[in-house]
Amino acid sequence: MFFLLRFARLFVPLHHKKTKQTINNTMAKKEKEKKLNAKQKAYAKKQEEGGKKVVAWIIGVFVAMAVFYVAYLAITA
């Protein structure tokens, strides 16, 4: 897409400032979106790692509760 914008710029009359500004703004928006997408991916990765920790803790607590329950049953039987 970036190449097409560059290529289209060749056919735009240089004396027409509005069109030139529009093309520059479009290119700037695309670059900004790339940066934003990188930030979103980093945030998603961080959230995923945090979610894995929470799931691991929940499973660990369930296993510990099961062990205590089995020990309780063994003592009271």
Just to check I understand the Karplus step: with θ = phi - 60° and J = 6.51 cos²θ - 1.76 cosθ + 1.60, what whole-Hz values come out for the range 54-66, glycine and proline as x? 4, 4, 4, 5, 4, 5, x, 5, 4, 5, 4, 4, 5
Cα-based reach from Lys53 at 26 Å (exclusive), listing lysines while leaving out same-chain residues under 8 positions away: Lys39, Lys41, Lys45
Once phi for every residue in the range 29-45 is put through the Karplus expression 6.51 cos²θ - 1.76 cosθ + 1.60 (θ = phi - 60°), the whole-Hz ³J(HN,Hα) values, with Gly and Pro written as x, are 5, 4, 5, 5, 5, 4, 5, 5, 4, 5, 5, 5, 5, 5, 5, 5, 5
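Using 0.36 nm per residue, how much length does the chain from Lys34 to Leu73 gain when fully extended, once their Cα-Cα distance is taken away?
That pair, Lys34 and Leu73, stretches by 8.2 nm at full extension.
FYI, it's all coordinate maths here, none of it is from the lab. Being a predicted model, the structure only gives us computed values, none of them experimental.
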